Amino acid sequence: MDLSPRNDHREVAIEAAKQPEFTTDQIGWRFALGTFLIVGGYAAWLLIPVVLAADLAPSLKAALSGLFGATPFLTKLVAIALMGRPAYYFLKRRVVNRLRRSAPPAK
C-alpha cells in the first residue's frame, strides 16, 4: 500500500460517505441554542471594559475580567455538548461542501 499524500483523497472520500446525513429538522432547537451560546460568548468580551471601569475591588475586577475573557471558549464547549453528534455532522458536511465548491478542481 502506497502511503503518499496523493492517495489520501480516496480514504477521506470513503470516510465522508460513511457519515450519516442530518437535516435542520432533525437537529432542531439544540442547534439554535448552541449557535446563540457561541455568539453570546463573544458578546461577553464587551463587558470587560465595563467591569474595569466599575468601582469594584481589584481582585473582583480580575476575577470577572478573567471569567468574561474565557467565556467564548467555555460557551463553545457547552454548545458542542448541547448540539451533539447530529449538529457536528451537519456543520461538518456544510463546511466541507462549501470548501469543495470554492476550491479549484484537482488535476
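Here, each number is a calculation from the coordinates, and none is a lab measurement. Just so it is clear, the structure is predicted and the values come from calculations on it, not from any experiment. Cβ sites come from the backbone with ideal geometry, for glycine too, and all protein chains shown count toward neighbours.
Net charge within 15 Å of residue 82 by Cβ-Cβ distance, Lys/Arg positive one each and Asp/Glu negative one each, not counting residue 82 itself?
Working: positive: 30, 76, 85; negative: none.
That works out to +3.
Using 0.36 nm per residue of separation minus the Cα-Cα distance, give me the extension gain between residue 96 and residue 42 in nm, one decimal. Display every interim value, and only then the final one.
Numbers: separation 54, 0.36 × 54 = 19.44 nm, distance 2.46 nm.
Computed gain between residue 96 and residue 42 is 17.0 nm.
Given points 7 Å out from each Cα along the Cα-Cβ axis, report the residue 80 to residue 29 separation in nanometres with one decimal.
Inter-label distance under the simple model: 2.5 nm.
Can you compute the charge dipole magnitude of segment 26-99 about its Cα centre, using +1 on each Lys and Arg Cβ and -1 on each Asp and Glu Cβ, nothing else charged? Give it in debye, rounded to the nearest 20.
Numbers: 8 positive and 1 negative charges, 118 e Å.
Computed about the Cα centre, the dipole is about 560 debye.
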